[in-house]
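Student: One structure, pasted below without further comment.
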Amino acid sequence: MSEPLNEQELVQFIAGRTNVEAQSVRLVLKHEQAFINNGKENAKGEVEIDSDELVDYILSRSDVKLDELQVESILDSEMEYLMDKGLAGYED
């Protein structure tokens, strides 16, 4: 059974794992959501995300002042959190 997403808990988890300020974590997550929202759905109604394209998109935003490693760490920590809560997983 999966739990509902607690955004504050998610941000705190990521900030603790990555040593990136919560405000910057929220900014990366906001841009990630915009990227996903603009993605094309497949036949199953799912949006397939290329992680390299996602990182490049986030880094191209003028308000993001993080480096590539920090952005990747935030996204990896987010996925770890979501998988732990049963809200996401990787497809083969």
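The values are calculated or read from the model by the stated rules, or taken from the named source; none is laboratory data. None of these values were measured; they are calculated from a predicted model. Please note: Cβ atoms are built from the backbone with ideal geometry, for glycine as well, and neighbour counts cover all protein chains shown. Note: accessible area is taken over every heavy atom of the protein model, side chains too, but ligands, DNA and RNA are not part of it. Shrake-Rupley method; radii C 1.70, N 1.55, O 1.52, S 1.80 Å.
Student: Mind listing the long-range amide H neighbours of Val47? Cut-off is under 5 Å, sequence gap 5 or more, other chains count too, H placed in the peptide plane at 1.01 Å from N.
Tutor: Asn42
Student: In debye to the nearest 20, how big a dipole does the chain give about its Cα centre with +1 on each Lys and Arg Cβ and -1 on each Asp and Glu Cβ?
Tutor: It comes to approximately 400 debye.
Student: Rolling a 1.4 Å sphere over the protein heavy atoms, what is the accessible area per residue of the chain, to the nearest Å²?
Tutor: 70
Student: Can you list the lysines whose alpha carbon sits under 19 Å from that of Lys65, skipping same-chain ones fewer than 8 residues off?
Tutor: Result set, ordered by chain and number: Lys30.
Student: With springs only between Cα atoms under 10 Å apart, run a GNM on the chain and tell me which of Glu72, Glu53, Glu41 wobbles the most.
Tutor: Among Glu72, Glu53, Glu41, the largest GNM mean-square fluctuation belongs to Glu41.
Student: Which aspartates and glutamates, on any chain, are close to Lys44 with Cα under 17 Å apart, when same-chain ones fewer than 8 places away are left out?
Tutor: Reachable aspartates and glutamates: Glu91, Asp92.
Student: What is the Cα coordinate range of the chain on the first, second and third principal axes, sorted by size from largest, in whole angstrom?
Tutor: 36, 31, 20
Student: Okay, next question. Could you derive backbone 3J(HN,Hα) for the range 65-70 from the dihedral phi with the Karplus parameters 6.51, -1.76 and 1.60 (θ = phi - 60°), listing whole Hz in sequence and x where the residue is Gly or Pro?
Tutor: After applying 6.51 cos²θ - 1.76 cosθ + 1.60, I find 10, 9, 9, 4, 5, 5 Hz.
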